[in-house]
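Structure, as structure tokens:
The values are calculated or read from the model by the stated rules, or taken from the named source; none is laboratory data. Computed from a predicted model, the values in this text were never measured in an experiment. Neighbour counts are summed over all protein chains in view; Cβ atoms, including those assigned to glycine, are modelled from backbone coordinates with ideal geometry. For accessibility, only protein heavy atoms count, side chains too; no ligands or nucleic acids. Shrake-Rupley method; radii C 1.70, N 1.55, O 1.52, S 1.80 Å.
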Amino acid sequence: MERLETINFYLLDKAIRTYRVYSQKKLREHGFKITVDQWLVIKVLMENPDLSQQQIAEKAFKDNASITRIIELLVKSKYLDRKVNPKDRRTSILKVTPEGVDIINKVQGLVLENRKIAQAGITLEELENLNATLKKIIKNCQS
């Protein structure tokens, strides 16, 4: 029987989780009061301003309950503005506030530094191969 440490998907999951813990630690160390998940939701909305909450959840790989909690915290922190959708009162229109844009801009340097540290010793060719491989896995599993 194969050992966990030899299973690619186990290692991939471990790498992602380790990176998220590392990134969250660095955010706290630098005094940012934002989580990795909150950063992700703001980034998703900045890049796709007209998404529904369900679509945000899909892009951020979160379930609806988690997205609801994250959005609520972001609204309370004034990083997102939420208005009732006049076309469908069951849904909300979410917009990134100037404070939300500001926190993303302030955190950006740290995000780049975290990636640099995580990818130390990995060549550009290795990263390109990794990205190509991951895209193939995604495509294979979506069929």
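Potential lengthening of the chain between Ile93 and Val75 amounts to 5.3 nm, from the contour at 0.36 nm per residue minus the alpha-carbon distance.
Between Asn48, Leu94, Gly109, the Cα set farthest toward the positive side of the dipole of the chain (charges on each charged residue's Cβ, about the Cα centre) is that of Leu94. For the chain, modelled as a GNM whose springs connect Cα atoms under 10 angstrom apart, the maximal fluctuation among Val41, Val96, Val21 occurs at Val21. Using Cα pairs closer than 8 Å and at least 6 residues apart in sequence, work out the relative contact order for the chain, in percent. So the answer I get is 19 percent. Count Lys and Arg as plus one, Asp and Glu as minus one, and take only other residues whose Cβ is under 13 Å from that of Ile103; the net charge is then +2.
Measuring with a 1.4 angstrom probe and ignoring ligands and nucleic acids, Phe32 comes out at about 40 Å² accessible. Applying a threshold of 18 Å to the alpha-carbon distances of Lys33/Lys116; Lys78/Lys106; Lys26/Lys62; Lys59/Lys95 flags Lys33/Lys116; Lys26/Lys62 as lying beyond it.
When the Gaussian network model of the chain links Cα atoms closer than 10 Å, the mean-square fluctuations of Lys33, Lys116, Lys87 top out at Lys87. With all protein chains in place and a 1.4 Å probe, the accessible surface of the chain carries 56 percent carbon and sulfur.
Here segment 30-84 is described by how far its Cα atoms reach on the three principal axes: 31, 24, 22 Å, from widest to narrowest. With Rh defined as the Kirkwood radius, the inverse of the mean 1/r over Cα pairs, the Rg/Rh of segment 1-132 is 1.04. Per residue, the accessible area of segment 1-139 comes to 72 Å², computed with a 1.4 Å probe over protein heavy atoms only.
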